[in-house]
Amino acid sequence: MKILISLLLSWSLPTALHACPACGISHLVLVGKADGKTESAAWDKLKSDLSSRFKVFPVDFDGNDEAAIAELPTAKLLVLGFTPAEWPADLVGGVRSYLDRGFPLLVLDDQFKGKSAAGGDAGDLWQKLELALGCSDTAPAPDALFKTAGEPARHATMSGVAAEAMSALSPAAPPCHLLYTIASDAKGTPLAWMSAYQSPPPADRLGNVAVVPLSSPAMLASADVRRLVVQSTLAATDSEDLIPAAGLPVAP
């Protein structure tokens with residue numbers, strides 16, 4: 001994949017990020033919440049799976065998130081899950097600063113486009129995220145980011161993931177301009193994908209974005225879906241070569 005991105009993006013490719021617990025990323029910030037017993041149990045399983053590889057700082061929208069938000073200036077990976085449309089001002093500012101640094105994102109909420117209807121700074125931030133995710137009606141990504149032919153039918157991120165798990169994913173709504181597809185349906189519509197965004201100066205950095213769009217936190221009850229999410233953290237950080245053929249272990 002690194003060779004592919006080099007060919008596609010040689011005009012602006014920054015220094016590659018090789019990131020994982022053993023090679024640079026010590027912690028991540030996980031933004032999201034789950035309501036209801038079933039959803040909360042599934043969300044907690046994802047937290048546990050991520051915590052086995054990273055130190056996780058969760059932003060749970062419980063009014064006690066200051067310490068986790070304070071980690072955003074040094075975090076090397078940001079995972080955006082299921083969130084309210086309205087965010088506290090310190091989280092809006094923290095995520096905006098994170099995007100300005102051009103570091104990787106993993107996005108799980110299939111309703112990210114609807115969030116941009118929120119007013120104020122939060123709505124502006126979600127509009128920026130729409131552009132970063134590669135699916136926007138207003139400002140498509142550069143031609144160099146379009147999905148290319150010749151991608152392998154089964155990406156490394158899908159290792160150990162049963163095909164049935166794909167029913168938990170929401171197909172991408174066009175237009176989507178992608179680096180590559182992680183998983184697709186029988187018609188070839190992307191179900192999980194990689195895109196990229198360009199941060200402004202002075203960072204002037206190209207950040208990877210992995211999108212695994214789930215309709216509900218309850219989908220994370222599936223070990224296959226959580227495996228896909230955890231392995232997408234490696235795709236987002238240019239480290240999918242660390243994914244074993246059988247997939248990474250997750251909780252049952």
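The values are calculated or read from the model by the stated rules, or taken from the named source; none is laboratory data. Keep in mind the model is a prediction, meaning the values are calculated, not measured. Positions of Cβ are backbone-derived with ideal geometry, glycine not excepted, and every protein chain shown enters the neighbour counts. Note: accessible area is taken over every heavy atom of the protein model, side chains too, but ligands, DNA and RNA are not part of it. Shrake-Rupley method; radii C 1.70, N 1.55, O 1.52, S 1.80 Å.
Brief remarks on what is shown
- The accessible-area ordering, largest first, of the residues 241, 109, 185 stands as 241, 185, 109, per a 1.4 angstrom probe.
- Computing FRET efficiency as 1/(1 + (r/R0)^6) for residue 100 and residue 55, where r is the C-beta to C-beta distance and R0 is 22 Å, gives about 0.45.
- Gain upon complete extension [residue 170, residue 189; 0.36 nm per residue less C-alpha separation]: 5.9 nm
- In order through segment 76-93: 3J(HN,Hα) via Karplus (6.51 cos²θ - 1.76 cosθ + 1.60), integer Hz, x for Gly, Pro: 10, 8, 10, 10, 9, x, 8, 9, x, 5, 9, 10, x, 4, 5, 6, 4, x
- Extension gain from residue 241 to residue 37, taking 0.36 nm per residue of separation minus the Cα-Cα distance: 69.9 nm
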